[in-house]
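> Dumping the structure here so I can ask a few things about it.
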Amino acid sequence: MKFCFAALGCKVNLFETQALEQLARERGHEIVAAGADAAVLNTCAVTSVSEHKNIRAVHRLRRDNPDAVLAVCGCFAQLDPERLGAMEEADLVCGTSDRAAVIELCEKAVREGQRGGRLGLENANTFELLRAGVPAGRTRALLKIQDGCDHYCTYCIIPYVRGHVRSMPPAAALEEARRLAASGVREIVVTGIEIASYGIDLQEKIGLTDLLCRMLAENPEVRFRLGSLEPRIADESFCGRLKGFPNLAPHFHLSLQSGCDAVLKRMHRRYSTILYRENAARLREAFPGCSLTTI
Ligand code: SF4
């Protein structure tokens, strides 16, 4: 069968889409840009314009794949499955869990001509292990180590559509990093919905810094880059333990959201502008010349 994939939104969505592509390849399918038998769209729900973008993407995929079974997945599908299910173009609606079954559901729908399937619309309680897919000709891979969020910032819908924090078991994360390194990947982007929360749900006492130290030490030939970070993570332990690793990319994206303490408080962000400044300064001291970015 021919499969076509498209993703909107963040790096986690991109990771999950690449993982589904990989799964489709492993099941013997061909990946095409148009004219597919099955098309999968991974939607986003993070901003107020997301709905419009998702709907436009559904129309575009249908136009490019007129005969395909079209599966709409991801955060917006989880948030409003009825809205998408009511669209004539959307044959299957799949949420943010049980992604590994999406390919099988598409195969079945193509084979049996069944439409209207629903999948994974309950928030998951465990981390779903998906093998990272690396697009042909690329030497950079995304590695998702965490899903969900427990912070419930005032403006953010993510905890409702992604569920509670779930962390990839450390042994699996380290194994995946080793597998990617052995396959020739030169840079791994460590990503998740809120990676600073890594480990809080695990029995083993392990946090993001511990996991990164192990990954960096085990794969000295690979550069590791970190996805967006909650500013509180950049404490003395984080900076002190990671600064000795030459294979950690000196780029840190510390999410600020607002430079006004009153607004941060109303947003239920758990840091102040003073803490943000202190941690940014600590990063600059530990990683001289590093890039600091924010939104
Ligand atoms: S920490 Fe990030 S993902 Fe979690 S609720 Fe806040 S903005 Fe949303």
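The values are calculated or read from the model by the stated rules, or taken from the named source; none is laboratory data. None of these values were measured; they are calculated from a predicted model. We place every Cβ from the backbone using ideal geometry, glycine too, and count neighbours over all the protein chains shown.
> Within segment 99-128, track down each residue that is surrounded by 14 or more Cβ atoms within 10 Å (Cβ to Cβ), modelled with pLDDT of 90 or more and assigned to a loop (DSSP other than H, G, I, E, B).
Hits for segment 99-128 are Phe127, Glu128.
> Got a number for residues in segment 105-118 being touching a residue at least 40 places away in the same chain (Cβ under 8 Å) and either polar (S, T, N, Q) or within 16 Å of Leu20 (Cα to Cα) (or both)?
Counting residues in segment 105-118 that are touching a residue at least 40 places away in the same chain (Cβ under 8 Å) and either polar (S, T, N, Q) or within 16 Å of Leu20 (Cα to Cα) (or both) gives 2.
> If a residue must be surrounded by 15 or more Cβ atoms within 10 Å (Cβ to Cβ), of a type in the set (Ser, Thr, Tyr) and away from the ligand (no atom under 16 Å from the Cβ), how many such residues does segment 140-199 contain?
The total comes to 0.
> Inside segment 210-236, can you point out the residues that are away from the ligand (no atom under 16 Å from the Cβ), among the hydrophobic types (A, V, I, L, M, F, W, C) and either under 22 Å from Arg138 (Cα atoms) or outside the structural domain of Tyr152 (by TED's automatic domain parsing) (or both)?
Matches in segment 210-236: Met215, Leu216, Val222, Phe224.
> Looking at segment 112-159 only, could you name the residues that are within 21 Å of Ala45 (Cα to Cα) and acidic (Asp, Glu)?
Of everything in segment 112-159, those that are within 21 Å of Ala45 (Cα to Cα) and acidic (Asp, Glu) turn out to be Glu122, Glu128, Asp147, Asp150.
> Just to be sure I understand, how many residues within segment 237-256 are of a type in the set (S, T, N, Q) and either outside the structural domain of Ala286 (by TED's automatic domain parsing) or in a helix (DSSP H, G or I) (or both)?
Qualifying residue count, segment 237-256: 1.
> Additional query: Can we say Val46 is in contact with a Gly (Cβ under 7 Å, 6 or more places away or on another chain), of a type in the set (A, V, I, L, M, F, W, C), under 22 Å from Arg140 (Cα atoms) and not assigned by TED's automatic domain parsing to the domain that holds Val190?
Answer is no for this residue.
> Sticking with this structure for a sec: Of all residues in segment 260-280 being in contact with a Ser or Thr (Cβ under 6 Å, 6 or more places away or on another chain) and part of a loop (DSSP other than H, G, I, E, B), which is surrounded by the most Cβ atoms within 10 Å (Cβ to Cβ)?
It comes out as Met267.
> Here's something else I'd like to know. List every residue pair whose Cβ atoms sit under 9 Å apart, with the two residues 6 or more apart in sequence or on different chains, where the first one lies in segment 242-271 and is β-branched (Val, Ile, Thr) and the second, anywhere, is in a loop (DSSP other than H, G, I, E, B).
Pairs found: Val263/Gln257; Val263/Arg269.
> When Leu283 is evaluated against the numbered criteria (1) surrounded by 12 or more Cβ atoms within 10 Å (Cβ to Cβ); (2) touching a helix residue (DSSP H, G or I) at 6+ places or on another chain (Cβ under 9 Å); (3) outside any helix (DSSP H, G or I); (4) not polar (S, T, N, Q), which criterion, by number, is the only one it fails?
That leaves (3) as the condition not met.
> Could you list, in sequence order, all residues of segment 49-67 that are part of a loop (DSSP other than H, G, I, E, B) and more than 14 Å from Leu8 (Cβ to Cβ)?
Listed by number, the residues that qualify are Asn65, Pro66, Asp67.
> Looking only at segment 105-139, which residues are of a type in the set (A, V, I, L, M, F, W, C) and either under 22 Å from Phe3 (Cα atoms) or within 11 Å of the ligand (Cβ to nearest atom) (or both)?
Passing the criteria: Leu105, Cys106, Ala109, Val110, Leu119, Leu129, Leu130, Ala132, Val134, Ala136.
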